[in-house]
Every structure is written in C-alpha cells, then in structure tokens.
Amino acid sequence: MRDQALEVLISEDEIRERVAALAERISSDYAQANDLLLVGVLRGAFIFLADLARLLTVPHKIDFISLSSYERGDRPTGAVRLLLDLRSEIEGRDILIVEDIVDTGHTLEYLKQSLSARRPASLKTCALTQKPARHEVPVEIDYLGFEIPDVWVVGYGLDFEDRFRTLPHIAVIDPTSG
Ligand code: 5GP
C-alpha cells in the first residue's frame, strides 16, 4: 500500500494549529508549576510529544514509558503490560501523560492507576486523538486534540505494522486491504 493512497483525516495544518492551542493551554495551566514532567507513551506519541514540548513556555522535563496490550489471537484482551518503565521518580511532581490515541481506554486507565500509586503531586492526561465510540472504560482526558471515528489511523507517530509513522498528517487505513 502506498502512502499517497491513504485518505487524509486530519491535515498537517489542522494538527499544527491544535498542538499550538494545546501547548498554550498547558503552559497557562502549569504557569506556577516548578517540576513538570511530560511522560510520553512510546512509541506512537513521540512526534506529538516532540512538537508539543517545543511549544511549551513553562520549564519541563521529559521521560518515556512503553506499554503493550495483551492480545488473544488478534484481539486485545483489555489487559496491559509494562514494557519499559520511567527513568524518573515521580513522587511529589506534576505529571502530564502524553498519549497518541485513546481507543478502548485500557492503556490510559492502567497508566493513571500505576502512576498515581507513585504519589505524584498531580497527574493529568493529554491525548492527541480519541475514539469515543470504542471506549470500554470511563476515560477522562484533560487536554484532547481530536475526536475521531472508529477507524484505524496512521501518521504523525501512529503506525500500521510499524509503517506510516512519519506521515505529516493523520490518515485512515483499511488494515484488511493489502
Ligand atoms: P487502548 O485501546 O488501550 O485505549 O489503546 C491501545 C493502543 O492501541 C494505543 O495506544 C495505540 O497504540 C493503539 N491504537 C488504537 N487505535 C489505533 C489506531 O487507530 N491507530 C494506531 N496506529 N494505533 C492505535
């Protein structure tokens, strides 16, 4: 499948504008924070995080975590596994989770539970996209880029079988077509 054949869902300009607006809100909300840590969820959030972080006007640090959904056959079971933990201690710090996409909501729920057990001063979430139609658990996102329909999206960090991550826009792919 060629990159050009994919249908654009969110253009590069729309992403740029939205990321700038999110960065402005986050900078204003954290204006008084003195120890903000952005936690990027690998691998899909790396491009979003890089753009967002560079637009923040408040001091911050960056760390990464990596999770994977347990699958049975090719279906997610809802259980989540930690693949790579943070390098930083987060107790007493202001933590902002930066996610690429919230689908069923299990990954974000797992992350919030496991990070809040480490007693940060505050814990908020920022997601570039979410699919409300697919949520299986209640999902609360403090800073959201876009709501999208129940389709598989690629680009701007998001992949299909590790391809398409570097597309500048977000596109829809039909995983069943070759
Ligand atoms: P959850 O179902 O736990 O909310 O999301 C699990 C993970 O599934 C997301 O972090 C993301 O890696 C992946 N995912 C869900 N929907 C999509 C999609 O449309 N495109 C891509 N590339 N990944 C997705």
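The values are calculated or read from the model by the stated rules, or taken from the named source; none is laboratory data. Since this is a predicted model, take the numbers as computed values, not measurements. Because the Cβ atoms are built from the backbone with ideal geometry, glycine has one as well, and the counts that use them run over all protein chains shown. With ligands, DNA and RNA removed, areas are computed over all heavy atoms of the protein, side chains included. Shrake-Rupley method; radii C 1.70, N 1.55, O 1.52, S 1.80 Å.
Annotations
- Size of charge dipole - the stretch 85-178 - debye, nearest 20, with Cβ of Lys, Arg +1 and Asp, Glu -1, no other charges: 260
- Estimated FRET transfer efficiency (VAL172, LEU83; beta-carbon r; R0 41 Å; 0.05): 0.90
- Of the residues CYS126, TYR30, HIS169, the one whose Cα sits farthest toward the positive end of the charge dipole of the chain, with +1 on the Cβ of Lys and Arg and -1 on the Cβ of Asp and Glu, is TYR30.
- Proximal lysines relative to LYS61, as straight alpha-carbon distance under 27 Å, when same-chain residues fewer than 8 apart are discounted: LYS112, LYS124
- The figure for THR104 is an accessible area of roughly 20 square angstrom, using a 1.4 Å probe on the protein chains alone.
- Probing with 1.4 Å while keeping every protein chain in the model, the per residue accessible area of the stretch 7-83 equals 59 Å².
- Counting only DSSP beta bridges with both residues in the chain, the antiparallel share comes to about 35 percent.
- Translational diffusion coefficient (Stokes-Einstein; Kirkwood radius from C-alpha pairs) of the chain at 10 °C, 1.306 mPa s, in µm²/s: 95
- Distance between the stretch 1-68 and the stretch 101-124 - C-alpha centres, whole angstrom: 17
- The 1.4 Å probe gives accessible areas that order LYS124, LYS61, LYS131, largest first, as LYS61, LYS124, LYS131.
- Take the Cα of VAL58, step 7 Å toward its Cβ, do the same at ARG18, and the gap between the two points is 2.2 nm.
- DSSP beta bridges in the stretch 101-178 [antiparallel fraction, %, rounded to 5]: 45
- In loop segments of the stretch 43-135 as defined by DSSP, the GluC sites (Glu not before Pro) with at most 15 further C-beta atoms inside 10 Å of their C-beta are GLU89, GLU91.
- GNM top mover of ALA33, ALA50, ALA117 - the chain, alpha-carbon springs below 10 Å: ALA117
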